[in-house]
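Participant: Got a structure for you, questions after.
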Amino acid sequence: MVATVACIKWGTLFGPEYVNRLYSGVRRNLSGPVRFLCMTENAQGFHGDIEALPLPVEPFAEPMAAALAVANRQGAMRKVSLFRRGVIPDLEGPVLGFDLDVVITGSLDELLDFETGKVAMRHDWVEKRKGRPTGHGSVFRYDPALHGYLYEDLAADAYAEVERARGSEQRYTSHKAMDRGDFAYIPEDWVVSFKHDCYAPWPLSHWVEPRLPEPAKVVCFHGNPKMPQAVEGWRNWRRGCPPTGWLREHWIERAREDLGGDWAGR
């Protein structure tokens, strides 16, 4: 069976090389054939094997934007468009979704097949520390045929749903699925955070290269630093890290070997 993998790109924060490198990481770490899609308003620079989906202007965009403005989260919750039944043509089975600020570091086969029939996300690091049951949205597995309500409920009353989720797409998605008994947490050592799980303890983090936990399949770069900063070495007044060799290898060098420099970037 073909594995369907999707991401979403809008605006100029991330260039096409982020999509191409994610595609390379996915196809190098799934054992079967891959269909890779990116929902976007600009597919220029995408590798030819990447299928572009048009980024829709949703009919509920206005009340959603109004509620997001109150929550001070303008521009969030765009991923909900991926949940609409039929938005991915000729889809069979689940979709494995990724944000663009992640790096694939291990086999994704178990992740694709984990708790089939449920929405799957990792427990958010901060929410878990606070004792709250919210999934993290950087990696998500769902099936539009089973979980189309994630789109339909928002479309039916966008302002109320966004207000209830306090403008957080990951809170909306995970809590909505939890309310239906339709949710599973991805094992925490499969999806790790660069800043929470890879840094050496302070103050050693300024001089000791971040580690890659052995079971990790995906490393998330939420917050700072992002991948380019971590590759070169990064620090601010509070914390930092030296250049991260394994990140350069997984995110840049292997993608360049796989796709060529014209697609993977320099």
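Participant: Name the residue that is nearest to PHE14 (Cα to Cα), counting only residues in the stretch 207-247 that are part of a loop (DSSP other than H, G, I, E, B) and among the basic types (Lys, Arg).
Facilitator: Restricting to residues being part of a loop (DSSP other than H, G, I, E, B) and among the basic types (Lys, Arg), the top hit is LYS226.
Participant: Let me ask something additional. Please go through the stretch 46-74 and pick out each residue that is assigned to a loop (DSSP other than H, G, I, E, B) and free of Cβ contacts under 8 Å to residues at least 60 places away in the same chain.
Facilitator: Listed by number, the residues that qualify are PHE46, GLY48, ASP49, ILE50, LEU55, PRO56, VAL57, GLN74.
Participant: Now for a different question. Give me a count of the residues in the stretch 14-45 that are surrounded by 15 or more Cβ atoms within 10 Å (Cβ to Cβ) and either charged (D, E, K, R) or assigned to a helix (DSSP H, G or I) (or both).
Facilitator: 14
Participant: Quick check on HIS196: is it surrounded by fewer than 18 Cβ atoms within 10 Å (Cβ to Cβ) and outside the structural domain of ILE104 (by TED's automatic domain parsing)?
Facilitator: Considered against the rule, which asks whether it is surrounded by fewer than 18 Cβ atoms within 10 Å (Cβ to Cβ) and outside the structural domain of ILE104 (by TED's automatic domain parsing), HIS196 comes out as yes.
Participant: Let me ask something additional. Which of the helices (runs of 4 or more DSSP H) contained wholly in the stretch 104-168 include at least 1 residues that are within 16 Å of ALA76 (Cβ to Cβ) and assigned by TED's automatic domain parsing to the domain that holds LEU212?
Facilitator: Filter on the stretch 104-168 gives an empty set.
Participant: Among the residues of the stretch 233-263, which ones are closer than 17 Å to THR105 by Cβ and small (Gly, Ala, Ser)?
Facilitator: GLY245, ALA255
Participant: Same structure, new question: Can you find a residue in the stretch 204-212 that is under 26 Å from ALA69 (Cβ atoms), buried (at least 17 other Cβ atoms within 10 Å of the Cβ) and either under 16 Å from the mean Cα position of the chain (by Cα) or touching a residue at least 40 places away in the same chain (Cβ under 8 Å) (or both)?
Facilitator: There is no residue in the stretch 204-212 that is under 26 Å from ALA69 (Cβ atoms), buried (at least 17 other Cβ atoms within 10 Å of the Cβ) and either under 16 Å from the mean Cα position of the chain (by Cα) or touching a residue at least 40 places away in the same chain (Cβ under 8 Å) (or both).
Participant: Here is a further query. Only one of (1) touching a residue at least 60 places away in the same chain (Cβ under 8 Å); (2) assigned to a helix (DSSP H, G or I) is not met by MET178, so which one is it?
Facilitator: (1)
Participant: Do we find that LEU68 is at pLDDT 95 or above, surrounded by 17 or more Cβ atoms within 10 Å (Cβ to Cβ) and assigned by TED's automatic domain parsing to the domain that holds ALA156 in this structure?
Facilitator: Considered against the rule, which asks whether it is at pLDDT 95 or above, surrounded by 17 or more Cβ atoms within 10 Å (Cβ to Cβ) and assigned by TED's automatic domain parsing to the domain that holds ALA156, LEU68 comes out as no.
Table: residues versus (1) under 18 Å from GLY25 (Cβ atoms); (2) in the same structural domain as ASP124 (by TED's automatic domain parsing).
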site: PHE183; (1), (2): no, yes
site: PRO213; (1), (2): yes, no
site: ALA216; (1), (2): yes, no
site: VAL219; (1), (2): yes, no
site: PRO225; (1), (2): no, no
site: VAL231; (1), (2): yes, no
site: ARG254; (1), (2): yes, no
site: ASP258; (1), (2): yes, no
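Participant: Taking the condition of being farther than 22 Å from GLU92 by Cβ and surrounded by 20 or more Cβ atoms within 10 Å (Cβ to Cβ), how many residues in the stretch 122-152 meet it?
Facilitator: So the count comes out to 7.
The values are calculated or read from the model by the stated rules, or taken from the named source; none is laboratory data. Model, not experiment: these values are computed from the prediction. Because the Cβ atoms are built from the backbone with ideal geometry, glycine has one as well, and the counts that use them run over all protein chains shown.
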